[in-house]
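> Got a structure for you, questions after.
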Amino acid sequence: MHDSRSDAKAHAKATMTGIWAAALMPFTDDLRIDEDGFRENIHHWTRELGIEGLFISGKQGEFFSMSVEERKRSFELAVEATGDHGQTIMSCSDQNMDVVIDLARHAEQVGADYIVVHAPALHFSTAQDETLMGYYRTISESVDIGIALWSHPDSGYLMSPQLCSRLADLDNVVAIKYSVPRPLYTELTELASDRIQVSTASEEEWLDNIIELDWTLYLCSSPPFLLQSATDRRMYDYTQAAFAGRLDEAREISRSLDPVRAALRDTRPAEKPHAHQKYWQELLGQVGGRVRAPLLELTDDEKARTHEAFDACGLDVSAGPP
């Protein structure tokens with residue numbers, strides 16, 4: 001973690017780079033956090049796949065089904081398991097401001113590198129900007145740790161590039177996961193990339209964003225550990241090729257992943273993204289586990305269809321996680 005609020009932006013610019021992934025949380029058959037499985041996955045992701053940072057207990061990680069104490073425990077587990085092999089960004093998103101700040105302070109205390117806070121749902125509002133300025137200013141003044149913003153349609157609105165640029169002036173706001181159409185994040189990159197790292201969760205747009213927008217951070221979703229194995233690290237490979245300016249090579253490697261992307265996308269039941277991704281993890285040799293209510297598990301037929309597509313997609317899984 002950086003030494004003080006005053007160096008938060010410079011620290012993030014130097015170290016918040018490469019491929020970051022949003023961790024799924026494995027649950028046991030009796031729906032407890034599978035701590036050993038979580039550690040095993042983190043070791044595989046950071047040591048075998050070259051993932052440089054992990055987004056912990058976000059929406060992919062089913063934070064909405066976890067208690068505050070479980071979320072805190074997930075932070076502790078992630079810091080311990082990554083060690084010096086990767087960085088962590090802890091999701092402190094919640095509708096209750098006291099919970100957000102409590103989680104943020106815990107993340108800071110246990111040695112997390114960053115936190116991320118989703119824009120809240122604002123009921124009955126027809127305008128949001130000044131509310132959100134106050135919201136993020138309060139969080140910023142409560143901790144020294146670097147903060148990533150997160151705007152997504154799930155909030156019921158999108159933060160505008162102009163608002164995000166204003167928020168980028170806060171001392172320890174260092175990044176944004178901007179889950180918006182490309183014209184919006186392109187505009188924000190032009191407005192604020194001198195102060196914050198701008199990124200989005202689309203893996204299929206990542207290569208273009210390196211080449212055209214000079215991005216150096218993928219922040220982040222599950223493709224880094226769903227499209228890759230210990231012996232088939234094509235997302236890592238095309239990223240490194242693009243960073244090195246070998247653009248034709250990067251494009252060729254990225255295109256070769258199209259069958260894997262299609263198999264993952266086309267077999268995913270509309271109401272079961274978490275269960276589907278966890279089953280895909282298991283096919284890769286990772287720890288998937290169960291989902292918690294209200295999420296739904298896959299049926300046997302859905303598993304069979306996914307397994308068939310997985311086997312045909314061309315992803316090399318000749319050596320699974322250690």
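The values are calculated or read from the model by the stated rules, or taken from the named source; none is laboratory data. As the structure is a prediction and not an experimental result, all values here were calculated from the model. Ideal geometry is used to build each Cβ from the backbone, glycine not excepted, and the neighbour counts take in all protein chains shown. Side chains are part of the model used for accessible areas, which takes the heavy atoms of the whole protein and leaves out ligands, DNA and RNA. Shrake-Rupley method; radii C 1.70, N 1.55, O 1.52, S 1.80 Å.
> Return the residue satisfying two criteria in turn: it lies in segment 92-117 and is in a strand (DSSP E or B) and touching a residue at least 40 places away in the same chain (Cβ under 8 Å), and of such residues it is farthest from A168 (Cα to Cα). Give the steps one after another, and end with the answer.
Pass one, segment 92-117, residues in a strand (DSSP E or B): 114-117.
Within this subset, residues satisfying the condition of being touching a residue at least 40 places away in the same chain (Cβ under 8 Å) are 114, 116.
Numbers: Y114: 15, V116: 14 Å.
Out of the qualifying residues, it is Y114.
> From the set of residues in segment 178-220 that are assigned to a strand (DSSP E or B) and out of contact with any Gly (no Cβ under 9 Å at 6 or more places or on another chain), which is surrounded by the most Cβ atoms within 10 Å (Cβ to Cβ)? It would help to see each step written out before you state the result.
Keep residues of segment 178-220 that are assigned to a strand (DSSP E or B), which gives 178, 197-199, 217-220.
Filter once more, so that each one left must be out of contact with any Gly (no Cβ under 9 Å at 6 or more places or on another chain): 178, 197-199.
On the way: Y178: 25, Q197: 23, V198: 27, S199: 25.
That would be V198.
> Next question. Looking only at residues in segment 133-146 that are in a helix (DSSP H, G or I) and in contact with a Lys or Arg (Cβ under 9 Å, 6 or more places away or on another chain), which one is farthest from A12 (Cα to Cα)? Even if it seems obvious, please write down each step before you answer.
Within segment 133-146, the subset in a helix (DSSP H, G or I) is 133-142.
Now drop any that are not in contact with a Lys or Arg (Cβ under 9 Å, 6 or more places away or on another chain), which leaves 133, 140, 142.
Numbers: M133: 21, S140: 15, S142: 19 Å.
Checking each candidate, the answer is M133.
> Looking at segment 31-67, which of its residues are open to solvent by less than 10 Å² (accessible area, probe 1.4 Å), in a loop (DSSP other than H, G, I, E, B) and farther than 19 Å from S91 by Cα?
L49 - this is the single residue of segment 31-67 that is open to solvent by less than 10 Å² (accessible area, probe 1.4 Å), in a loop (DSSP other than H, G, I, E, B) and farther than 19 Å from S91 by Cα.
> Now a separate question. Going by what's in this entry, would D171 be described as in contact (Cβ under 8 Å) with a residue 60 or more places away in the chain, in a helix (DSSP H, G or I) and not aliphatic (A, V, I, L, M)?
On the way: in contact (Cβ under 8 Å) with a residue 60 or more places away in the chain: yes; in a helix (DSSP H, G or I): no; not aliphatic (A, V, I, L, M): yes.
For D171, the condition - in contact (Cβ under 8 Å) with a residue 60 or more places away in the chain, in a helix (DSSP H, G or I) and not aliphatic (A, V, I, L, M) - is not met.
> Test of understanding: among I19, I42, which residue is touching a residue at least 12 places away in the same chain (Cβ under 8 Å), closer than 22 Å to G289 by Cβ and in contact with a helix residue (DSSP H, G or I) (Cβ under 9 Å, 6 or more places away or on another chain)? Lay out the reasoning, then the answer.
Working: I19 fails: closer than 22 Å to G289 by Cβ.
Unique residue meeting the criteria: I42.
> So M159 fits all but one of (1) aliphatic (A, V, I, L, M); (2) in contact (Cβ under 8 Å) with a residue 40 or more places away in the chain; (3) not in a loop (DSSP other than H, G, I, E, B); what number is the exception?
For M159, the exception is condition (3).
> Among the residues of segment 235-284, how many are buried (at least 16 other Cβ atoms within 10 Å of the Cβ) and assigned to a loop (DSSP other than H, G, I, E, B)?
Looking only at that region, the number is 5.
> Yes or no: A81 farther than 17 Å from Q277 by Cβ, among the small types (G, A, S), in contact (Cβ under 8 Å) with a residue 24 or more places away in the chain and not in a loop (DSSP other than H, G, I, E, B)? Even if it seems obvious, please write down each step before you answer.
On the way: farther than 17 Å from Q277 by Cβ: yes; among the small types (G, A, S): yes; in contact (Cβ under 8 Å) with a residue 24 or more places away in the chain: yes; not in a loop (DSSP other than H, G, I, E, B): yes.
The answer is yes for A81.
> So in segment 88-104, with the set limited to residues that are of a type in the set (D, E) and surrounded by 14 or more Cβ atoms within 10 Å (Cβ to Cβ), which one is nearest to the chain's Cα centre (by Cα)? Before you say what the answer is, go through the steps one by one.
At the first step, the residues of segment 88-104 found to be of a type in the set (D, E) are 94, 98, 102.
Next, only the ones that are surrounded by 14 or more Cβ atoms within 10 Å (Cβ to Cβ) stay: 94, 102.
Working: D94: 16, D102: 21 Å.
Checked segment 88-104; the qualifying residue nearest to the chain's Cα centre (by Cα) is D94.
> Could you please let me know if E76 is of a type in the set (D, E), within 27 Å of A230 (Cβ to Cβ), in contact with a His (Cβ under 9 Å, 6 or more places away or on another chain) and not in a loop (DSSP other than H, G, I, E, B)? First the steps, then the outcome.
Working: of a type in the set (D, E): yes; within 27 Å of A230 (Cβ to Cβ): yes; in contact with a His (Cβ under 9 Å, 6 or more places away or on another chain): yes; not in a loop (DSSP other than H, G, I, E, B): yes.
Judged against the criteria, E76 is a match.
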